[in-house]
Amino acid sequence: MSKIQNIAVLTSGGDAQGMNACIRAVVRMGIAENLRVYGVMDGFNGMVDGDIKELEYADVSNIIQRGGTILGTARSERFHKKEFRKIAFENLKKIGVEALVVIGGDGSFKGAKVFSEEFNMPFIGIPGTIDNDIIGTDYTLGFDTALNNIINAIDKIRDTASAHHRIFLVEVMGNTSGLLAINAALTTGAEDVFIPEALEDFARFESKIKKAVAAKKSSIIIVSEGDEIGGAKELYNYLKEKNLHEKIRVTILGHIQRGGAPSFLDRKMGTDFGVVAVQKILQEKYNLILGIQNNQMITYTLGDKITKNVSNQAEVLKIMHKLNVF
Ligand code: F6P
């Protein structure tokens, strides 16, 4: 039997759909295994401030279908400093927390790793970010729902774009990862996509736009916020300068991508991750990150590199260009 009796769960970094499903699974699984489960509010800030409360079975009722995170989240500046990490550790010690489940992205995992090395506080990391940029997992929580949000929005934009014969430049999130953008482009039939992982060939782009305008009079171009051009507004300025089309509109989808009810995949993955996180802690298998590879749950130890190498997106881009030949 495991000697662990008290664990805590927190969400950190940008919220992502499926985080609530995961919190629910950690709490319910923990209680079923006779653990006391604490929820840390607002990411690592809650550890520093001692804003930690025990979560009972009913505290996680009716949350599996909700986006956001009932625990709140933050990118904690204070947790970058050792003096605050020490306060955080003392706050956990006071209530006897012996292991952490950290749901978040690369910054959250870096924080958890440093904290575990300094204070011997074991953790299990669960990848939760719409950017899907965590190494070692095919999917992170939130990616699928965010993509569905993007797809729904672009399908609507397509209606008005074709009615008015306009070019729409649609900016999507993703930080330095183009995975939201490229997958949205592939599944909405967008005419082109700008991603940070590939340099755009502007000569190709311009000739393509001209052909697209001549052939179908409207176009959707998806621009990842992290692309070297700087975003949809910057691309707009470029196109205007080149006088490529007079009817261009910019839509920045923004935080709408991160909200709303999680998809089946995010609910299921969040639940599976939560269950396995508790199991690993009970088995005293610590400091692991959970992931999904080829539909199988896997665990791995966090190395120095946390974000994905997504250079192969350039290949996907080539396919995308072929599919949309005019
Ligand atoms: O990391 C998730 C993410 O949504 C990125 O795609 C985006 O760049 C960033 O967070 C936005 O952060 P904020 O909500 O702080 O504006």
Quiz item: Just a yes or no: is a residue in the range 39-54 out of contact with any Asp or Glu (no Cβ under 6 Å at 6 or more places or on another chain), over 18 Å from VAL275 (Cα atoms), more than 16 Å from the ligand (Cβ to nearest atom) and of a type in the set (Phe, Trp, Tyr)?
Solution: no
Quiz item: In the range 271-284, is there at least one residue being of a type outside the set (A, V, I, L, M) and within 14 Å of the chain's Cα centre (by Cα)?
Solution: no
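May I ask you to list the residues in the range 210-225 that are open to solvent by 30 Å² or more (accessible area, probe 1.4 Å) and within 32 Å of the chain's Cα centre (by Cα)?
Scanning the range 210-225 gives a single hit, GLU225.
Tally up the residues in the range 254-305 that are within 16 Å of the ligand (Cβ to nearest atom) and aliphatic (A, V, I, L, M), please.
Going through the range 254-305, the residues within 16 Å of the ligand (Cβ to nearest atom) turn out to be 254-260, 262, 266.
Within this subset, residues satisfying the condition of being aliphatic (A, V, I, L, M) are 256.
Counting residues in the range 254-305 that are within 16 Å of the ligand (Cβ to nearest atom) and aliphatic (A, V, I, L, M) gives 1.
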Exercise. Name the residue, out of ALA185, ALA161, that is of a type outside the set (Lys, Arg), in contact with a strand residue (DSSP E or B) (Cβ under 6 Å, 6 or more places away or on another chain) and surrounded by fewer than 24 Cβ atoms within 10 Å (Cβ to Cβ).
Key: ALA161
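Only one residue in VAL114, VAL101 is in contact with a strand residue (DSSP E or B) (Cβ under 8 Å, 6 or more places away or on another chain) and at pLDDT 95 or above. Which one? Outline the logic, then answer.
On the way: VAL114 fails: in contact with a strand residue (DSSP E or B) (Cβ under 8 Å, 6 or more places away or on another chain).
Just a single option satisfies the conditions, and that option is VAL101.
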Self-check item: Residues that are within 16 Å of the ligand (Cβ to nearest atom) and either in a helix (DSSP H, G or I) or open to solvent by less than 10 Å² (accessible area, probe 1.4 Å) (or both), drawn from the range 194-204
Solution: PHE194, ILE195
Quiz item: If you take just the strands (runs of 3 or more DSSP E) that sit entirely in the range 1-111, which of them hold at least 2 residues that are surrounded by fewer than 19 Cβ atoms within 10 Å (Cβ to Cβ)?
Solution: 52-54
Self-check item: Hey, PHE273 crowded, with 21+ Cβ neighbours inside 10 Å and of a type outside the set (A, V, I, L, M) or not
Solution: yes
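Kindly evaluate SER207 against the criterion of being more than 27 Å from PHE143 (Cβ to Cβ), in contact (Cβ under 8 Å) with a residue 40 or more places away in the chain and open to solvent by 30 Å² or more (accessible area, probe 1.4 Å).
On the way: more than 27 Å from PHE143 (Cβ to Cβ): yes; in contact (Cβ under 8 Å) with a residue 40 or more places away in the chain: no; open to solvent by 30 Å² or more (accessible area, probe 1.4 Å): yes.
So SER207 fails the test.
The values are calculated or read from the model by the stated rules, or taken from the named source; none is laboratory data. All figures in this text were calculated on a predicted structure; none of them were measured in a lab. For neighbour counting, all protein chains shown are included, and Cβ atoms are generated from backbone atoms with ideal geometry for every residue, glycine included. Side chains included, ligands, DNA and RNA excluded: accessible areas come from the protein's heavy atoms. Shrake-Rupley method; radii C 1.70, N 1.55, O 1.52, S 1.80 Å.
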